[in-house]
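Beneath this line is the structure, given in structure tokens, with notes to follow.
What follows is calculated from the coordinates using simple rules that are stated; it is not laboratory data. Keep in mind it's a predicted model, so treat the numbers as computed, not measured. Glycine gets a Cβ as well: all are built from the backbone with ideal geometry, and neighbour counts include every protein chain shown.
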Amino acid sequence: MYNGEAYITGSCVIRDNRVYRDGELLLETPRELELPEFLRAGYDHFSGQYPKFHKMDPLSKLGWLAAEVLLKETPLNGYPRESVGLILANKSASLDTDLRYYDSVKDIASPALFVYTLPNIVMGEISIRHGFKGENAFFTTDVFDREFMVGYISQLFLEKAVSACLCGWVEVMGPAYEVMLYKVERAGDGGLVFNADNLQKAASI
């Protein structure tokens, strides 16, 4: 009888102007490069063929880029689109974009910014890119609550609501940002067992 056990089969960490996949440094830019320029450098390096990227807010760009890095060589194509979940969390919700939208209202409100004044829009951008149609949720917590994330997603696996899942932490507020994105699957060849300690281990760069 299936007990809900799942495995971490990939990870992507983006912080300090560096991009890692499965612990390997794939891209590094000078520390003084600001976030918009770093994101553009990441887009050019890993994709460069998705014009909609340039219209996204920083939160969506970060999540989209991490998913691109994580899934480019090992996509979740072996599952029905309805069985791939997407569960994310952060601290600031969409406040970074909210503040910039508020500033734009002083002159003429920016519809381009207003589109991104919900934190779950990043999930929509990832889902559109990769065709995911499964369970999804976005949580806000002061820190990345790994125990909660594991408990929530393990229940989805146990209930057979998902067969695979992208999950993690996507945070941006002003110049500060961090992404820890994980690919989790019911069957994992050599992957780490999906638990809080291994989430920490996979992101310890």
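Against the condition in contact with a His (Cβ under 8 Å, 6 or more places away or on another chain) and exposed (fewer than 15 other Cβ atoms within 10 Å of the Cβ), how does Pro75 come out, does it pass? When the stated conditions are applied, Pro75 passes them.
May I ask you to verify whether Tyr152 is under 26 Å from Lys72 (Cβ atoms), hydroxyl-bearing (Ser, Thr, Tyr) and either assigned to a loop (DSSP other than H, G, I, E, B) or in contact with a strand residue (DSSP E or B) (Cβ under 7 Å, 6 or more places away or on another chain) (or both)? For Tyr152, the condition - under 26 Å from Lys72 (Cβ atoms), hydroxyl-bearing (Ser, Thr, Tyr) and either assigned to a loop (DSSP other than H, G, I, E, B) or in contact with a strand residue (DSSP E or B) (Cβ under 7 Å, 6 or more places away or on another chain) (or both) - is not met.
Just one of the listed residues (Thr140, Thr97) is buried (at least 19 other Cβ atoms within 10 Å of the Cβ) and among the polar types (S, T, N, Q), namely Thr97. Cβ-Cβ distances below 9 Å connect the following pairs, each with a first residue in the stretch 194-205 that is over 19 Å from Ser163 (Cα atoms), a second residue that is surrounded by fewer than 18 Cβ atoms within 10 Å (Cβ to Cβ) and basic (Lys, Arg), and a separation of six or more residues or different chains: Ile205/Arg15; Ile205/Arg18.
Residue under question is Met123, and the condition is that it be in contact with a helix residue (DSSP H, G or I) (Cβ under 6 Å, 6 or more places away or on another chain), surrounded by 15 or more Cβ atoms within 10 Å (Cβ to Cβ) and under 16 Å from Pro58 (Cα atoms); does it hold? No; evaluated as a whole, the condition is false for this residue. Is it the case that some residue within the stretch 79-87 is outside any loop (DSSP other than H, G, I, E, B), more than 22 Å from Asn3 (Cβ to Cβ) and under 13 Å from the mean Cα position of the chain (by Cα)? Scanning the stretch 79-87 turns up at least one residue that is outside any loop (DSSP other than H, G, I, E, B), more than 22 Å from Asn3 (Cβ to Cβ) and under 13 Å from the mean Cα position of the chain (by Cα). Per the conditions (1) touching a Phe, Trp or Tyr at 6+ places or on another chain (Cβ under 8 Å); (2) closer than 23 Å to Lys52 by Cβ; (3) surrounded by fewer than 17 Cβ atoms within 10 Å (Cβ to Cβ); (4) of a type outside the set (Lys, Arg), the sole criterion not satisfied by Leu158 is (2). Of the strands (runs of 3 or more DSSP E) contained entirely in the stretch 1-46, those carrying at least 2 residues that are in contact (Cβ under 8 Å) with a residue 60 or more places away in the chain fall at 7-15, 18-21. For the stretch 172-205, the candidate set comprises residues that are among the charged types (D, E, K, R) and in a strand (DSSP E or B); within that set, the residue that is surrounded by the most Cβ atoms within 10 Å (Cβ to Cβ) is Lys183. Give the stretch 53-72 a look and list any residue that's free of Cβ contacts under 8 Å to residues at least 24 places away in the same chain and either part of a loop (DSSP other than H, G, I, E, B) or basic (Lys, Arg) (or both), or say none. Result: Lys61, single match.
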